[in-house]
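Have a look at the structure below before the remarks.
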Amino acid sequence: MIKHLLSMQDLRSKEIETILNDAVKLKQKTKKEETHEVLRGKTLAMIFAKPSTRTRVSFEVAMTQLGAHAIYLGWNDLQLGRGETIADTARTLSRYVDVITARLFKHLDIVELARYSSVPVINALTDLHHPCQTLADLLTIQEHKGKLKGLKMAWVGDGNNVCNSLMLGCTLVGADISLACPKGYEPPTELVKQARANARESGSKVEIVAEPERAVLKSDVVYTDVFVSMGQEAEANQKLKRFLPKYQVNKALLNHAKSDAIVLHCLPWKPGQEITKDIAYSPQCVAFDQAENRLHVVKSVLTFLL
Ligand code: CP
Ligand code: NVA
């Protein structure tokens, strides 16, 4: 059976542990400049329907460092842009490459891609999930806190793709998560249900609260992301009015967290909106560690799936 990574639910907690442990080893090798070309001769096709800095570059560098090769394919570079179906694209690419990653709008489109692909498909972000981000976040939190189980994470802001994956990831590894999102912007009910089922199994909890102060209270990690995700530009004004100033991560809000709490952001950010500039560029914020860990984690994911 081919294994895909479309959402965090495609991984069991033991598999997440393996991916994170291997990422630590791969990171050490990278730092020591030891070669680790374990995927020599393999090729990755990368389909991007939205812009990307971290995801695109980390995948491409990962493949180079693993002795393998990556091909960047913008949506309109492919016949997809002219209406070739996702199914036929999957069938065709599978005849050439060993693994496919895709950043698409609709999550159902990547499900379709995986359905017709005979090689592993990795989600590089859809409107619903961003599992590669969550794995890098878990690695970053583990590095700073020494563990994952038993920690309290707080999510403040939009219940978006990054939030969904984090919520599933935390509850799979046994960390508590408390979310404060404006009414109507919470994560989808189905995913909250899934996270609660994970939490029952791992002994953690999911809490959805109205006040950001309550979510952040005594937390070890405070996470936020942009209020306006890619593809939501038309709703920007309406969303900003709804989210500001209440859902901004700033000094006053962080006073409710533990004194040694760290702040996470997947990047890119809009300092002055979801996070203040003083916090974004303070030592408390580990966003660029997260960005670096995208590389180490994706190497681990690629070797795990292949
Ligand atoms: N965090 C993240 O996925 O960044 P990019 O959009 O730059 O890939
Ligand atoms: N929620 C953001 C994440 C970008 C990495 C978006 O989807 O645009």
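Here the label points at Ile71 and Leu217, each 7 Å from Cα along the C-beta direction, are separated by 5.5 nm in the simple model. Label-to-label distance for Lys147 and Glu84 is 5.1 nm, based on points extended 7 Å past Cα in the beta-carbon direction. As a calculated quantity, the FRET efficiency between Glu15 and Leu306 at R0 = 22 Å, using C-beta atoms, amounts to about 0.95. Most tightly packed first, judged by the mean number of other beta-carbon atoms within 10 Å of their residues, the peptides 94-105, 192-203 read 94-105, 192-203. Shown is the FRET efficiency for Met1 and Arg91, computed with R0 = 25 Å from the Cβ-Cβ distance and rounded to the nearest 0.05: 0.90.
Here the relative contact order of the range 166-263, from alpha carbon pairs under 8 Å that lie six or more residues apart, stands at 30 percent. Rounded to the nearest Hz, the phi-derived 3J(HN,Hα) couplings of the range 171-182 under the Karplus curve 6.51 cos²θ - 1.76 cosθ + 1.60 (θ = phi - 60°) are 6, 6, 8, x, 9, 7, 9, 10, 10, 10, 10, x, where x marks glycine and proline. Each peptide in 29-35, 124-130 gets a packing score, the mean of other Cβ atoms within 10 Å over its residues, and the list from highest to lowest is 124-130, 29-35. Between the amide H of Ser94 and those of Ser118, distances stay under 5 Å, these residues lying 5 or more places away or on another chain, with hydrogens modeled in the peptide plane.
Secondary-structure-derived ellipticity at 222 nm for the chain, considering helices only, amounts to -13000 deg cm²/dmol, per-run term -39500 (n - 2.57) for DSSP H runs with n ≥ 4.
Subtracting the Cα-Cα distance of Phe288 and Glu34 from 0.36 nm times their residue separation leaves 89.1 nm of extension gain. Here the accessible area of the chain is 51 percent carbon and sulfur, with a 1.4 angstrom probe and all protein chains present. Peptide packing: for 160-168, 138-146, 282-290, the average count of neighbouring Cβ atoms within 10 Å per residue gives the ranking 160-168, 138-146, 282-290, highest mean first. Taking a point 7 angstrom from the Cα of Glu186 along the C-beta vector, which residues in the range 133-159 have backbone N less than 15 Å away? Of the residues in the range 133-159, 155-159 have backbone N under 15 Å from the label point off Glu186. Accessible area per residue for the chain, computed on protein heavy atoms with a 1.4 Å probe, is 45 Å².
The values are calculated or read from the model by the stated rules, or taken from the named source; none is laboratory data. Since this is a predicted model, take the numbers as computed values, not measurements. All Cβ positions, even for glycine, are placed from backbone atoms using ideal geometry, and neighbour counts span all protein chains on display. In case anyone asks, the SASA skips ligands and DNA or RNA and just uses the protein heavy atoms, side chains included. Shrake-Rupley method; radii C 1.70, N 1.55, O 1.52, S 1.80 Å.
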